[in-house]
Every structure is written in structure tokens, then in C-alpha cells.
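K.L.:
After the C-alpha cells below, expect a handful of questions from me.
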Amino acid sequence: LQSRMCEAEPARLVLEYTRYMMGFLLFVPRPRRVAMIGLGGGSLAKYCHAHLPETDFTAIDVSPEVIAWRATFAIPADGPRFRVVCANGADWVRQRGDALDAPLVDGFDVDGLPPELCSVAFYDACRARLAEGGVLVANLHPDEEDYALCVERLHDAFDGRVVEVTADESDNRIVFAGGDASFPPTLDQLAERLHRLAPQHDLPLATLADRILDDLQRGRRRRRRRRCRIG
């Protein structure tokens, strides 16, 4: 199951992993430009259109058949700050264009995650396209054959500035990767952003903040153990 929609509330995020992907707001509270690779039923596209009125949003999907379902899934029509593009997502990222505050990578097809959406070249291109303070968001799944390799490539492309959290209902792993030294945010920054964002969004931001901190602490312990082994 890759998409689910409540017909009475088309912009509500029904699947837990999509709510976790919106956790990028804890890293980039006021995104100017967001791009999503993989339209599907447009859950994230509809949420961003409804709840981030100052954000420019582009959804990219390689399949015209998927895009043809946009009216059925109540995906908004193209406009000045919202558009759906039929293109190869990996190629689109490599093109010259405006810097992105949050590229969202959720490009699963019937066979899983296409190799070109988790390659070294793709992750390097995503980092090069990031705006200052921006964060890449990747939806991965541990059942995928190349899952561990994808995570390793993200660590390499983003100099280890990577946070990984698990969506309980589906076991999806949501990976946030930052492009510069502002990532990850401090505890005080996370607390301030959580306080400001929580009233505006029906999202599990408090749970996400806790899991982000837990993963950061695990990362610090891993680095300490590695330094001890090297020493």
C-alpha cells in the first residue's frame, strides 16, 4: 500500500510514514521551495499545498499514468506556487534550477525503490541542489535489498549529517540528511520549533523530536566507540 486518502479530508495525512516525512519542518520551519520525487496519490503534495501557503512546491513523477489520477486523488491544479511535472526525478534534480529547502524522495514503484533514486550520483546531486540550511528527506524500507547501502551512501554524501527514524505502523525508515553545519539543530532549537509548529500542524512532531534526539545520541555513541577502536 503506497497511497491512502480520506475522501472527506483529502489533505489529511493518513499513512504514518507521510506524517513522519513532514518532520522536515523541525529542520526547516519556513521552507521556501520543496520538491517531491514520486507523486503517487499526492498525500504530501496536498498537505504542503494546504498547510504551507508560502512554500513553492513541485512534484515530479516519471509516470504519466500516475499523474492522470491526480483529479481522482484531489490533487490541486497547477498554479503559481504548485505544479506537477512529468519527468525522471533523478534527471530533474541534476538540472540547473532554484535551490531546494527540502527535496522529498518517495519514488517507490511496483518493484520498490528504483536504483537511480538511491545512487551515489543522485545523493550527490541532491546535496548540490540544497539551499543553505536545507535537508533531504528520503523514505526507505529495511526490506529493500539495497537499504543498508542507501543509508551508507547518504552518510557519505552528507558527511555523516544523517538522522534516521522509524515509522511504527509500516517500519518505513525516514532519513533526514543535512547539507551544512547547521544540521542537526540543537536541543533548544528543536524545542523552540516544536513549540511554534505543533499548534499549526496535526503531526506527531513531539514524537519525531524525541526520536531525532535518540538517533543523534546513538550516533554519538557509535562515533565514540569507533574512536576508541581506532585509538
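K.L.:
Identify, please: which residue in the range 43-74 is under 19 Å from the mean Cα position of the chain (by Cα) and more than 19 Å from Pro31 (Cβ to Cβ) and is, among those, most open to solvent (accessible area, probe 1.4 Å)?
P.N.:
Out of the qualifying residues, it is Val62.
K.L.:
Hey, another quick one. Can you report the number of residues in the range 166-182 which are surrounded by 20 or more Cβ atoms within 10 Å (Cβ to Cβ) and either in contact (Cβ under 8 Å) with a residue 40 or more places away in the chain or part of a loop (DSSP other than H, G, I, E, B) (or both)?
P.N.:
Our first condition is that a residue be surrounded by 20 or more Cβ atoms within 10 Å (Cβ to Cβ); within the range 166-182, this holds for 167, 172-179.
From what is left, the residues that are either in contact (Cβ under 8 Å) with a residue 40 or more places away in the chain or part of a loop (DSSP other than H, G, I, E, B) (or both) are 167, 172, 174, 176-179.
Qualifying residue count, the range 166-182: 7.
K.L.:
Separate question: Consider the range 183-197. How many of its residues are in a helix (DSSP H, G or I) and either of a type in the set (Ser, Thr, Tyr) or touching a residue at least 24 places away in the same chain (Cβ under 8 Å) (or both)? Explain how you work it out, then say what you get.
P.N.:
First pass over the range 183-197, keeping only residues in a helix (DSSP H, G or I): 187-197.
Retained after the next criterion (residues that are either of a type in the set (Ser, Thr, Tyr) or touching a residue at least 24 places away in the same chain (Cβ under 8 Å) (or both)): 187, 190, 193-194, 196-197.
Within the range 183-197, residues that are in a helix (DSSP H, G or I) and either of a type in the set (Ser, Thr, Tyr) or touching a residue at least 24 places away in the same chain (Cβ under 8 Å) (or both) number 6.
Residues checked against (1) within 17 Å of Asp202 (Cβ to Cβ); (2) in contact with a strand residue (DSSP E or B) (Cβ under 8 Å, 6 or more places away or on another chain); (3) free of Cβ contacts under 8 Å to residues at least 24 places away in the same chain:
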{"site": "Tyr17", "(1), (2), (3)": "yes, yes, no"}
{"site": "Gly23", "(1), (2), (3)": "yes, yes, no"}
{"site": "Arg30", "(1), (2), (3)": "no, no, no"}
{"site": "Ala50", "(1), (2), (3)": "yes, no, no"}
{"site": "Glu65", "(1), (2), (3)": "no, no, yes"}
{"site": "Ile75", "(1), (2), (3)": "no, yes, no"}
{"site": "Arg81", "(1), (2), (3)": "no, yes, no"}
{"site": "Gln95", "(1), (2), (3)": "no, no, yes"}
{"site": "Asp98", "(1), (2), (3)": "no, yes, no"}
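K.L.:
Next up: Here are the criteria: (1) at pLDDT below 95; (2) part of a helix (DSSP H, G or I). Tell me which single one Cys126 does not satisfy.
P.N.:
Of the numbered conditions (1) at pLDDT below 95; (2) part of a helix (DSSP H, G or I), the odd one out for Cys126 is (1).
K.L.:
Also, I was wondering about something else. Sort through Val34, Val85 and tell me the only one that's modelled with pLDDT of 95 or more and crowded, with 23+ Cβ neighbours inside 10 Å. Give the derivation first.
P.N.:
On the way: Val85 fails: crowded, with 23+ Cβ neighbours inside 10 Å.
When all the criteria are applied, what remains is Val34.
K.L.:
Next question. In the range 98-116, which residue that is open to solvent by less than 40 Å² (accessible area, probe 1.4 Å) and more than 13 Å from the chain's Cα centre (by Cα) is farthest from Gly178 (Cα to Cα)?
P.N.:
Top of the filtered list is Gly112.
K.L.:
I would also like to ask the following. Take Pro64 and decide whether it is farther than 27 Å from Arg173 by Cβ, out of contact with any Pro (no Cβ under 8 Å at 6 or more places or on another chain) and at pLDDT 95 or above.
P.N.:
Yes: the conditions hold for Pro64.
K.L.:
Looking at Ala90, Ala77, Ala50, Ala71, which is the one that is aliphatic (A, V, I, L, M) and closer than 19 Å to Phe176 by Cα?
P.N.:
Numbers: Ala77 fails: closer than 19 Å to Phe176 by Cα; Ala50 fails: closer than 19 Å to Phe176 by Cα; Ala71 fails: closer than 19 Å to Phe176 by Cα.
Going through Ala90, Ala77, Ala50, Ala71 in turn, just one is aliphatic (A, V, I, L, M) and closer than 19 Å to Phe176 by Cα: Ala90.
K.L.:
Sticking with this one: What residue, of Ala90, Ala121, is among the aliphatic types (A, V, I, L, M), under 24 Å from Arg173 (Cβ atoms) and within 16 Å of the chain's Cα centre (by Cα)?
P.N.:
Details: Ala121 fails: within 16 Å of the chain's Cα centre (by Cα).
Exactly one residue qualifies, and that residue is Ala90.
K.L.:
Now for a different question. Residue by residue through the range 117-143, note down the ones that are open to solvent by less than 30 Å² (accessible area, probe 1.4 Å), hydrophobic (A, V, I, L, M, F, W, C) and more than 12 Å from Asp91 (Cα to Cα).
P.N.:
Matches in the range 117-143: Cys118, Leu130, Ala131, Val135, Leu136, Val137, Ala138, Leu140.
The values are calculated or read from the model by the stated rules, or taken from the named source; none is laboratory data. Since we're looking at a predicted model, the values are computed, not measured. Methodologically, a virtual Cβ is constructed for each residue, glycine included, from the backbone with ideal geometry; neighbour enumeration extends over all protein chains shown. The accessibility values were calculated without ligands, DNA or RNA, using every heavy atom of the protein model including side chains. Shrake-Rupley method; radii C 1.70, N 1.55, O 1.52, S 1.80 Å.
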